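Colleague: This is the structure I have questions about; it appears just below.
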Amino acid sequence: MFAWLRGMTKWILMNRNRRIVTIIAFLNVLLGYLVFALFHEPRLIILMALVSAYAVSSLTMERYLTLGASCIAALQVLLFLLLEPALVAAPLTNAPLLLLITAALTLLMMSMITNIQQQEYFSTIESDRQLLYKATINALLSARGLPSIYSTVLSAVSELYGRSSVLFSRNAEGKIVSACRMPEGLIIYDSEFAAAEAVFASGEPAGRFLVPCSFSPFLHIPLKSGDTVLAVLAVLFADGEQIDQKMRDEIAGVITQAASAIERQTLADEQQTVLIETERERMRADFLRAISHDIRSPLTGIMSACSTLLQSRERINPAVRENLLVNIHEEAEWLCHMVENLLSVTRVSGPMSALKKTPEIVEEVIGEVVARCAKRFPDVHLHVSTPEEPLLVQMDATLIIQVLMNLVENAVKYSGGCDYIELTVTTREHSAVFTVRDYGVGLSPEMIDSLFIPINRTDTESSHGLGIGLSICRSVIRAHGGQITGANSPDKGAIFTFTLPMEETL
Amino acid sequence: MKKRTILVVEDDGYIADVLKSLLEANDYRVLSATSGKGALQLAASHVPDVVLLDLGLPDIDGTHVLTSLREWYEGPVIIVSARNQEKEKVQALDMGADDYINKPFSASELLARIRVALRQADKIAASSASPEMSYTVGDLTVDFQNSRVYIAREEVHLTRLEYRIVELLARTPGKVLTHDYIISSVWGPYAPSNNNLILRVNIANIRRKIEKNHNTPRYILAEIGVGYRMADAESLSGPKEKMDS
């Protein structure tokens, strides 16, 4: 009896609301009794009941105004019923008993109210959690990208259950790695990786609360698609914490959703890779086809000339023989040039890019181009103009010479017999501007659109590739951080321009 | 006149044949080696006048052959290498090669380089007699004695550094000198850190002073990525004459 009383007292005194309600209830009862003793007017008691009910509500359970008020009113009505002589044959006049009954009933009311209050509080939390849970599921449905999926799962665990967690997955080499952890700085020991490995192998949960790996503070749960384990979610439980069925079920729900999201994403990623690979293969095939065509043409020329010389040795007069030899030389030279173009490609692109820029004096580079042109096109007059002051530009000289040679070559071959070509270098803002200009037939509109794309030629003309050379030029210039354009000049002929970024001046 | 001997070190059979034909047609006696070891043996037993060394040999690295050769051989060594390998060329030149020629080579260029190399060697052999007093090519005259440079008899005012560069190049006309060689010869051990840049700028200034058109130099020829070369009489009367500005 006393223990119960003691327990009750403690329980009452713990909560502010309960304290206030108890005090007011007792005061109320006391006053009621006094009033009754003084005025013998039961109805006054009811009035007081209402007043005190309002006082209590406004002080404590604002939301439970009606509830509190009606409880206390009911209480007072009961008292009234017990005291009003008109209603009861033997009204209670035993004051202590009355007090006791009132107190007991008040306490009953209060515990009811507090219970309801608590329940509503928890149901709010519960509905918030439900919302969060739903939101997580939705997020997983629409998540894109594995990192985003992983972090959604982990933040859900963190927000729903307030626990830290880790997501383990297999990397490309098949090793177990922690793909995501929440919080970021969570330390994971090697034993956890071993536990995750075990789960990957068995497909069953392990860790805390379970066998095997029950030493682990984490509960490892596999995310499965069919029988394949896609990932392992490890949730950290502190010592003494337990997991209830509700939590297990919810986690299971999140996990199922996450597993299908991961599966979906992996499939999408694979598809993407396949697409990219296919595209790359197609481009490579196009490129190789174009190159083969370009290599075959001069080789054909060389083979024919050689076989003619060998076959009809004595019957060919010296002038013709000379001509054939010159042709062979020219075709071979073209092949060399083509090979160098191809080597430039390897220098510019790919993981083993060997593009190295050094500061070069522009006129020296131009001088080299002039010298080579003189050898290859002795009949072409190359007019050169560079700034008065020595111009220093960072570049891979070999590649830029290659670009200039390509441009000059195109000018010679496609201008339709023009033998005067201008090569100019100027500066504009922080760039060196190189132009190669001819006075020939110019570029057709179709050509201008596809200038820098390696064209797949269908015609059988023996003239050599316009496409490959220019597309390589573009790669080189781009790798230098510059730009290249081709257009028709206002007078006749075509003009190609490229820029190279310049550092500060000498 | 006794025929000069050239040791051709080339592992590619076709190219070796072509070289042999070319050189023999031009009055040289040709020794052929297809490996580094063979080359060293032949060199030791015949002591050729010139060695033509391909850098891409099968058994030992061409540069190793060069170093081994240079332990005792004092004649000119010309290296043959692919076009885009400037670093290799510069390394070989700094390790004792005298000149280089690119593959694929033009016959006339190869013969010219060999001639220059032989002339240099002869000069060195005879230099104990009297050092050169001046060098003239085209309109350019470099007076070593008085440290003056003339273009078409008019004096060109060069700074001390500029003159030293011109003198260095003029003493070995036709032969390529690497950037590093020029820098260490002209600036010595006190070369500043951005010495390469300073050299290039100096050369650019020299060019503006002695060449008619700095885009088409006749006298001081730039070998991109490698170094510089002073023209000799032969290289002047080439197709370059046709190019003007």
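The values are calculated or read from the model by the stated rules, or taken from the named source; none is laboratory data. Note that the structure is predicted; figures quoted are calculated from it, not measured. Positions of Cβ are backbone-derived with ideal geometry, glycine not excepted, and every protein chain shown enters the neighbour counts.
Colleague: Just one of the numbered conditions (1) modelled with pLDDT under 85; (2) within 14 Å of chain A (Cβ to nearest Cβ) is not true of B:Ala126; which one?
Modeller: (2)
Colleague: So which residues in segment B:78-120 are among the basic types (Lys, Arg), within 14 Å of another protein chain (Cβ to nearest Cβ) and crowded, with 17+ Cβ neighbours inside 10 Å, if there are any at all?
Modeller: B:Lys89
Colleague: Name the single residue, out of those in segment B:191-219 being within 13 Å of B:Ile151 (Cα to Cα) and under 22 Å from the mean Cα position of the chain (by Cα), that is surrounded by the most Cβ atoms within 10 Å (Cβ to Cβ).
Modeller: Selected residue: B:Ile206.
Colleague: If you scan segment A:140-153, which residues turn out to be at negative phi, surrounded by fewer than 20 Cβ atoms within 10 Å (Cβ to Cβ) and small (Gly, Ala, Ser)?
Modeller: Once the filter is applied, which keeps residues that are at negative phi, surrounded by fewer than 20 Cβ atoms within 10 Å (Cβ to Cβ) and small (Gly, Ala, Ser), segment A:140-153 yields A:Ser142, A:Ser148, A:Ser151.
Colleague: Restricting to segment A:154-212, and then to whatever is polar (S, T, N, Q) and closer than 23 Å to A:Tyr133 by Cα, can you tell me which residue is surrounded by the most Cβ atoms within 10 Å (Cβ to Cβ)?
Modeller: Top of the filtered list is A:Ser165.
Colleague: Hey, another quick one. Exactly one condition in (1) at pLDDT 85 or above; (2) of a type in the set (A, V, I, L, M, F, W, C); (3) outside the structural domain of A:Ser148 (by TED's automatic domain parsing) is not met by A:Val254; state its number.
Modeller: (1)
Colleague: Then there's this: List the strands (runs of 3 or more DSSP E) inside segment B:149-242, counting only whole elements, that have at least 3 residues being of a type outside the set (Gly, Ala, Ser), closer than 25 Å to B:Ile79 by Cβ and within 11 Å of chain A (Cβ to nearest Cβ).
Modeller: B:220-223
Colleague: Let me ask you something else. Does B:Leu140 fit the bill of being touching a Lys or Arg at 6+ places or on another chain (Cβ under 9 Å) and in the same structural domain as B:Ile224 (by TED's automatic domain parsing)?
Modeller: yes
Colleague: Separate question: Give the residue that is surrounded by the fewest Cβ atoms within 10 Å (Cβ to Cβ), with candidates limited to residues of segment A:244-288 that are in contact with a strand residue (DSSP E or B) (Cβ under 7 Å, 6 or more places away or on another chain) and closer than 15 Å to A:Pro205 by Cα.
Modeller: A:Ile255
Results for (1) under 22 Å from B:Val201 (Cα atoms); (2) over 15 Å from the mean Cα position of the chain (by Cα), shown as yes or no for each residue.
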residue: B:Ile101; (1), (2): no, no
residue: B:Ser106; (1), (2): no, yes
residue: B:Ser134; (1), (2): no, yes
residue: B:His157; (1), (2): yes, yes
residue: B:Leu168; (1), (2): yes, no
residue: B:Asp180; (1), (2): yes, no
residue: B:Ser185; (1), (2): yes, yes
residue: B:Pro189; (1), (2): yes, yes
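Colleague: May I pose another question? Looking at B:Val116, B:Val156 in this structure, which one is assigned by TED's automatic domain parsing to the domain that holds B:Val77, of a type outside the set (Lys, Arg) and in contact (Cβ under 8 Å) with a residue 12 or more places away in the chain?
Modeller: Going through B:Val116, B:Val156 in turn, the sole match is B:Val116.
Colleague: Let me ask another. Being at pLDDT 90 or above and outside any helix (DSSP H, G or I) is the filter here, so list the residues in segment B:97-111 that pass it.
Modeller: If the condition is that a residue be at pLDDT 90 or above and outside any helix (DSSP H, G or I), then B:Ala97, B:Asp98, B:Asp99, B:Tyr100, B:Ile101 are the ones that fit.
Colleague: Give me the strands (runs of 3 or more DSSP E) completely within segment A:172-255, filtered to those with at least 1 residues that are in contact (Cβ under 8 Å) with a residue 60 or more places away in the chain, ordered by residue number. Walk me through how you get there before you give the answer.
Modeller: Working: elements: A:176-182, A:218-225, A:228-236.
Strands (runs of 3 or more DSSP E) meeting the threshold: A:228-236.
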